[in-house]
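One structure is given below, encoded as structure tokens.
Where a number appears in this text, it was derived from the coordinates with a stated rule and is not lab data. Bear in mind the structure is a predicted one, so any value in this text is a computation, not a measurement. Here Cβ is always computed from backbone atoms with ideal geometry, including for glycine, and neighbour counts include all displayed protein chains.
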């Protein structure tokens with residue numbers, strides 16, 4: 001079974017850019033013809049609109065990028081049919097040759113965490129049968145329940161050749177409330193650490209347990225492009241860790257900011273854009289598909305240019 005980081009590096013090389021397209025459907029931003037076609041009579045109708053829109057986006061971006069990242073919250077908000085739509089979209093993305101990151105930020109302890117992990121990757125085992133659920137290539141997870149809560153996710157991912165991305169230095173301003181807390185120095189340390197520094201050290205230790213041929217691990221970190229100075233420091237400290245970089249585009253992070261996430265060989269990170277690619281037009285736009293394609297090409301070109309001129 002090929003290592004997750006090796007699959008990711010090969011996919012990025014094949015498309016020539018590290019862009020990841022986030023699937024974050026929002027009713028108020030959907031093209032008007034799609035909203036009119038499905039109406040607003042029920043959450044099932046909203047879910048159907050999301051499926052039509054996201055399915056077409058997948059077809060548009062599949063020749064251009066290597067990775068997509070469905071945000072589970074928007075589908076969960078539509079109830080059971082929304083979850084069924086999410087499952088079908090993940091399946092469709094795989095059919096189109098895309099790697100998938102399920103952005104669900106899961107975590108829990110013991111058997112509960114194991115259930116989340118198995119559903120994300122290899123499937124849910126009941127008695128002697130295993131039933132596929134999401135079959136994602138990677139999953140975002142929250143580290144703040146500690147190492148024993150991370151372990152089920154890492155092991156389940158490894159059994160399936162998948163990966164996990166651990167929240168580290170997130171793109172939202174409020175992330176600093178806890179992530180930037182200063183810790184007292186431990187024995188042998190010359191200076192105090194911030195909490196995210198300590199989390200980063202632990203993420204690196206997990207990544208080092210299982211390196212691919214590309215010298216990257218299957219445990220990655222979520223590091224926002226909105227903190228470029230911190231990004232530079234983290235890249236130096238965590239050379240074997242793949243970064244998933246949100247905050248590019250609509251949240252204010254530039255291509256130059258995101259470029260700091262990469263190793264000198266141009267690998268080691270993928271950069272997500274959601275709103276900037278899905279909705280670079282008003283809902284009344286009739287040629288919205290061309291706008292999505294153009295936004296994808298522009299974002300990919302901006303990243304490759306920034307990497308080339310570092």
Once you have the alpha carbon radius of gyration of the chain, what is it after dividing by 2.2 N^0.38 Å, with N set to its residue count? 0.98
Prolate/oblate/rounded call for the stretch 11-131, Cα gyration tensor, a/c under 1.5 rounded: oblate
Fraction of beta bridges assigned by DSSP in the stretch 168-310 that are antiparallel (%, nearest 5): 30 percent
Give me the number: length gained by fully extending residue 265 to residue 215, i.e. 0.36 nm times residue separation minus the C-alpha to C-alpha distance, one decimal in nm. 16.8 nm
Prolate/oblate/rounded label for the stretch 66-131 (Cα gyration tensor, a/c 1.5): prolate
Given the Cα-Cα distance of residue 290 and residue 250 and 0.36 nm per residue of separation, how much length would full extension add, in nm? 12.5 nm
Where a label projected 7 Å from the Cα of residue 205 along Cα→Cβ would reach, residues of the stretch 145-159 with amide N under 15 Å: 145-151
Taking a ≥ b ≥ c as the square roots of the eigenvalues of the Cα gyration tensor, with a/c under 1.5 meaning rounded and otherwise prolate when a/b exceeds b/c and oblate if not, the stretch 159-261 is oblate
So, with points 7 Å from each Cα along the Cβ direction, the residue 229-residue 142 label distance in nm works out to 2.9 nm
Separation of alpha-carbon centers, the stretch 76-99 and the stretch 198-233, rounded to whole Å: 27 Å
As a test, work out the antiparallel percent of DSSP beta bridges whose residues both lie in the stretch 4-305, rounded to the nearest 5. 20 percent
Stretch residue 56-residue 181 to full length: gain in nm at 0.36 nm per residue minus the Cα-Cα span? 40.7 nm
Translational D in µm²/s for the stretch 109-181 (Stokes-Einstein at 20 °C, 1.002 mPa s, Kirkwood Rh from C-alpha pairs): 163 µm²/s
Could you state the number of Å between the C-alpha centres of the stretch 108-155 and the stretch 165-179? 22 Å
